[in-house]
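**Student:** Take a look at this one; I'll ask things after.
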Amino acid sequence: MENLREPQIQQKRSRRLILFPVPLQGHINPMLQLAEILYSRGFSITIIHTHFNSPTSSNYPYFTFEPISDGLSTTQASTSDIVALLTILNVNCVTPFRECLTRLLSENQEEPIACLICDGIFHFTQAVADSLKLPRIILRATSVASFLALHSFPLLLQKGYLPKQDSQLEEPVPELPPLKVKDIPVMATHDPKIMYQLVASISKEMKASSGIIWNSFEDLEQFALTAVRQEFPIPIFPIGPFHKYSPASSSSLLIQDPSCISWLDKQAPRSVIYVSFGSLAAMNETEFVETAWGLANSKRPFLWVVRPGSIYGSDWIEQLPHLFLENVSEKGHIVKWAPQKEVLAHPAVGGFWTHNGWNSTVESICEEVPMLCRPCFADQMVNARYVSHVWRIGMQLENGLERGEIERSIRRLMVEKDGEEMRERVIKLKEKVDLSLRKDGSSCKSLEGLVSFILSF
Ligand code: UDX
């Protein structure tokens, strides 16, 4: 893979880009990876960011960071109701963001600002960009298919699929194959109307934007990309997977435990199941204990990320039974946060039990690791359905967390023929990743298109 950053570092930079990530790990990572890709293409980079979950600027000495006030109270600065958090940020950030951008526009006259690149969730930025006559390009941090499902909420409400009824969960949604009603990407929040409103504003302001960048690629989401192009007649740039362009700096908000790698070094090739549910998902004590016994009973070595605060009612792993800890002292390694991309690339890892956040899904595909899927909310449900039923590179735990089903599923993934076939398919998919990133590949050409598009402003 060519290293895009090095050869061009010395060149004179003529245009500056302003990037604005949503302050959640799964959104910060792709935005900073995109920033590195565009920096390697000769653009100067300024990152505007909230105080809440601010990125580690010292990891990016070649970028400029501009903090703005997010106005969040101590209780609001929490990810327990993400819809509420994102709704408040879309209100609180308007004035500080406008003031910051106005100042940057007046300060950067020798190196003119070409455009704004915002996470699509920050829908308020379109009005700000319009008022300052600055083009706004969107980054969508999710899959194209899951976005289309979100964009279909008005139709799904009209047809009665939403709000979801327990009796309909297993029914197909013919308008969005292969999704079932249970896969519709809703998020728990105190008032569902706010969620529908947020989604509608995101879609509306995406349509008004100058273009959309996706961390996906043509061969992975061909049909969804065709549909999005019909629905959004603006330039679409599927340039992913971002993290494969060049080695990126770490944008992790938590400290990644290096013991994962030394522990993996002692395990047999493809023997380990890696377990992580990302930066937001949480579970209750019963689910936690079922997960633990399912892992222990599978008799496979496991590397398990238990993020502090991700088990309701406890700080970390206090609720694990002593008997479990005695049973697995040799077989298992539990950490608070892992260097996930390195873990997935390690030869000892043979399977990934994931919540199917889009970054985790793409990272798993890129390292040829088949998945056991346990989606929790939003786009994760759509991603998991595509993993199990479209790309067929994993399987789902369809009936919640129960130790017997977990044990059987881990065995199926790790040692049975089914799992082997999933691995063969993910290896084939990875070949398509490699092709898309070659000089004449679809993602690389799309990136060229994006660079020319930005330079045309
Ligand atoms: C959120 C949403 O939940 C997800 O559905 C959406 O697609 C993006 O935003 P999150 O739940 O954190 O993200 O999941 P994911 O998209 O997988 O992002 C997690 C990131 O954290 C990945 O890049 C992963 O490599 C990293 N990670 C995860 C670590 O560095 N260490 C870990 O231990 C676990």
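The values are calculated or read from the model by the stated rules, or taken from the named source; none is laboratory data. No experiment lies behind these values; they were computed from the predicted model shown. Cβ coordinates were reconstructed from backbone atoms using ideal geometry, including for glycine residues, and neighbour counts include every protein chain displayed. In case anyone asks, the SASA skips ligands and DNA or RNA and just uses the protein heavy atoms, side chains included. Shrake-Rupley method; radii C 1.70, N 1.55, O 1.52, S 1.80 Å.
**Student:** Given the Cα atoms of the range 363-438, and with Rh set as the inverse mean 1/r over their pairs in the Kirkwood sense, what is Rg to Rh to two decimals? Don't jump to the answer; show the numbers that get you there.
**Tutor:** Details: Rg = 12.9 Å, Rh = 12.9 Å.
For the range 363-438, the value is 1.00.
**Student:** Would you list, by chain and number, the lysines whose Cα falls below 20 Å from the Cα of residue 331, excluding same-chain residues fewer than 8 positions away?
**Tutor:** Those lysines meeting the cut-off are 266, 299.
**Student:** Round to the nearest 10 and report in Å² the accessible area of residue 389, as given by a 1.4 Å probe over the protein chains' heavy atoms.
**Tutor:** 100
**Student:** In a solvent-free Debye calculation with one equal scatterer on each Cα, what is log10 I(q)/I(0) for the range 35-82 at q = 0.14, 0.20 Å⁻¹, listed in the order of the q values?
**Tutor:** The calculated log intensity ratios at q = 0.14, 0.20 Å⁻¹ are -0.46, -0.74.
**Student:** Which Cα, out of 275, 329, 317, lies furthest along the positive dipole direction of the range 259-433 (beta carbon charges, K/R +1, D/E -1)?
**Tutor:** In the range 259-433, that residue is 275.
**Student:** Specify whether the C-alpha gyration tensor of the range 51-104 places it in the rounded, prolate or oblate class, a ≥ b ≥ c being the square roots of the eigenvalues: rounded for a/c under 1.5, otherwise prolate if a/b is larger than b/c and oblate if not. List each step's numbers first, then the result.
**Tutor:** Numbers: a/c = 2.82, a/b = 1.39, b/c = 2.03.
Note, shape of the range 51-104 comes out oblate.
**Student:** Hey, if you put +1 on the Cβ of every Lys and Arg and -1 on every Asp and Glu Cβ in the range 46-122, which of 101, 71, 49 ends up farthest toward the positive end of that dipole?
**Tutor:** Farthest along the dipole direction, towards plus: 71.
**Student:** To the nearest 10 square angstrom, what accessible area does residue 423 show with a 1.4 Å probe?
**Tutor:** 10
**Student:** If DNA, RNA and ligands are ignored and the probe is 1.4 Å, what is the ranking of 353, 316 by accessible area, most exposed first? Write out the running numbers ahead of the final one.
**Tutor:** Working: 353 0, 316 65 Å².
Descending order: 316, 353.
**Student:** From largest accessible area down, sort 91, 335; use a 1.4 Å probe on the protein chains.
**Tutor:** On the way: 91 100, 335 0 Å².
My answer, sorted largest first, is 91, 335.
**Student:** Using only the alpha-carbon atoms of the chain, report the extent along each of the three principal axes, biggest first, to the nearest angstrom.
**Tutor:** 65, 51, 44
**Student:** Which lysines does residue 133 reach when only Cα atoms under 22 Å apart count, and residues fewer than 8 places away in its own chain are ignored?
**Tutor:** 204, 207
**Student:** Then there's this: Compute the FRET efficiency between residue 455 and residue 268 as 1/(1 + (r/R0)^6), taking r as their Cβ-Cβ distance and R0 = 60 Å, and round to the nearest 0.05. Please report the intermediate quantities before stating the final value.
**Tutor:** Values: r = 51 Å, r/R0 = 0.84.
My answer for the efficiency is 0.75.
**Student:** Magnitude of the Cβ-charge dipole of the chain, K/R +1 and D/E -1, about the Cα centre, nearest 20 debye? Let's see the in-between values first.
**Tutor:** Values: 44 positive and 50 negative charges, 179 e Å.
I would put it at about 860 debye.
**Student:** With all protein chains present and a 1.4 Å probe, how do 408, 41 order by accessible area, largest first? It would help to have the intermediate numbers written out before the result.
**Tutor:** Numbers: 408 150, 41 45 Å².
These residues rank, largest area first, as 408, 41.
**Student:** Same structure, new question: At residue 131 and residue 424, where each label point lies 7 Å from the Cα along Cα→Cβ, what is the point-to-point distance in nanometres?
**Tutor:** 6.0
**Student:** While we're on this one: Tell me which aspartates and glutamates have Cα within less than 18 Å of residue 159's Cα, excluding those fewer than 8 residues away on the same chain?
**Tutor:** Once the sequence-local aspartates and glutamates are set aside, what remains near residue 159 is 170, 171, 175, 183.
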